[in-house]
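The values are calculated or read from the model by the stated rules, or taken from the named source; none is laboratory data. Computed from a predicted model, the values in this text were never measured in an experiment. Every residue, glycine as well, gets a Cβ built from its backbone with ideal geometry; the counts of neighbours run over all protein chains shown. Areas reflect the complete protein model, heavy atoms only, side chains present, ligands, DNA and RNA absent. Shrake-Rupley method; radii C 1.70, N 1.55, O 1.52, S 1.80 Å.
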Amino acid sequence: MLINANQSALILIDLQQKLLPAIDQHQAVLAQSVRIATIAGMLGLPVIATEQMPDKLGPNHPEVRRLCDKTLSKGHFDACADGLPAALPSAVKQIVIGGCEAHICLLQTALSLLARGYQVFVLRDCCSSRKALDRETAFDRLQQAGAIAVTVEMVVYEWLRDSRHPQFRDILKLIK
């Protein structure tokens, strides 16, 4: 199944400035997350972020924060327990998700979204954990649960569908 821009939302989990330096490959994760959030915004898709206890752990990275339509503060590791489903437009059936840590907050949120009937697409190039083994194990578990592993480029080209899309040339500049 292809990812349909008219049914998609982008969720970015806990890309908090204080946490990122401890995350494996954090600079690449941040760059790819900013890239896909920028493109989602250009296409008019909802972009929602979460922040784990921002009063203690601080806000999301400023580049992420400025690209999000909404930012949900949470205490639970599973963002659904703190209101994520209510923040999603009713037309959204497909969730494209990235963030940190892959084996904790991202995993629990994705599993909860799957249980609620959403199709979940996990951005491998926008996810990480402190340890690579935790990240890889999270991807294995998510795949077994029904989430689909994707990359930024895969998602973007599925959202666009056609090289004649009015935004294609502008988005292509961000991909290359």
Reachable aspartates and glutamates from K173, criterion Cα separation under 16 angstrom, eight or more residues apart if same chain: E153, D162
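In square angstrom, what is the accessible area per residue of segment 92-176 with a 1.4 angstrom probe?
Details: 4180 Å² over 85 residues.
Computed with neighbouring chains in place, this is 49 Å² per residue.
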Can you bin every Cα-Cα distance in segment 14-150 into 5 Å intervals starting at zero and give me the percent of pairs per bin, rounded to whole numbers? 2, 11, 22, 26, 23, 13, 3, 0
Point-charge dipole on Cβ atoms (K/R +1, D/E -1) for the chain, about Cα centre, debye to 20: 300
Would you please put 12-24, 94-106, 117-129 in order of how densely packed they are, using the mean number of other Cβ atoms within 10 angstrom per residue and starting with the highest? 94-106, 117-129, 12-24
Cα centroid separation, segment 1-50 to segment 100-176 (Å): 9
So for segment 18-72, Kirkwood radius off the Cα pairs, Stokes-Einstein at 10 °C and 1.306 mPa s: how many µm² s⁻¹? 135
Arranged from highest to lowest average of other beta-carbon atoms within 10 Å per residue, in what order do the peptides 160-170, 140-150 appear? 140-150, 160-170
Proximal lysines to K74, defined as alpha-carbon separation beneath 26 angstrom and excluding residues fewer than eight positions away on the same chain: K18, K56, K93, K131
On alpha carbon coordinates alone, what is the Rg over Rh value for segment 85-176, Rh being the Kirkwood radius? 1.02
Of all the accessible heavy-atom surface of segment 1-134, with the other protein chains kept in place and a 1.4 Å probe, what percent is carbon and sulfur? 54
Going 7 Å from the Cα of K173 toward and past its Cβ, which residues in segment 29-63 have a backbone nitrogen under 15 Å from where you end up? 38-39, 42-43
Two-site label geometry, Q143 and D162: point separation in nm, points 7 Å out along Cα→Cβ: 3.4
